[in-house]
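These notes are about the structure you will find just below.
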Amino acid sequence: MRLSAYASRVVYERHLDPILTALRLRGIEVEAWSPRSGSTWALWSEGMGMGDLVLVASYADARRWKDRHVVYVEHGAGQTYHVPRGTSVVGFPGSDGLDNVALFLAPSERVSACWRARYPRASVVTVGCPALDRYAEGRFVKRSNGDRPRDLGVRPVAAFTSPHPAAAAPG
């Protein structure tokens, strides 16, 4: 089986890169494709082949490959919204239109529950946010006695992002 990754935007590449690195370290070959020139990934254009299984990090990219089996990595925090029963918000956890997704990788149990409820035949795994793994690895030493982890001197990073242009600074 051929495995490909596809990212139509830089932000999706950032969410998939840690997964590609981990797969490659385990000897699994993955082709990384982007339709954008200037990407660090190989340039993909219409008509080129794509693997049997495609790893993506967006609703639009999953829909782009509806003729393939897809692994969908939820990019970001996986925010959800209250909507009337029987409806969904396109592109958010539990959205319609992703019947080709074989595996959902979710940042939280809440998001996993949305995907499980909508796609009971798909596999769903809560993995956190792979794009943030580099900030969490090796920063603290866990203590076996249950005390708080000992700080190794590297301060954690907290960031808030939004896909919408907005300012939140005091005036």
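The values are calculated or read from the model by the stated rules, or taken from the named source; none is laboratory data. In this text, all values refer to a predicted model and were calculated from it rather than measured experimentally. Reconstructed Cβ throughout: ideal geometry from the backbone, glycine too, with neighbour counts over all protein chains shown. To get the accessible areas, we keep the full protein, side chains included, count just its heavy atoms, and leave off ligands, DNA and RNA. Shrake-Rupley method; radii C 1.70, N 1.55, O 1.52, S 1.80 Å.
Computed with a 1.4 Å probe over protein heavy atoms only, the accessible area of Glu46 comes to about 140 Å².
Note on Val10/Arg116: beta-carbon distance plugged into 1/(1 + (r/R0)^6) with R0 of 41 Å gives a FRET efficiency of 0.85.
Multiplying the residue separation of Leu3 and Asp52 by 0.36 nm and subtracting their alpha-carbon distance yields 17.0 nm. Here the label points at Ala42 and Leu23, each 7 Å from Cα along the C-beta direction, are separated by 1.3 nm in the simple model.
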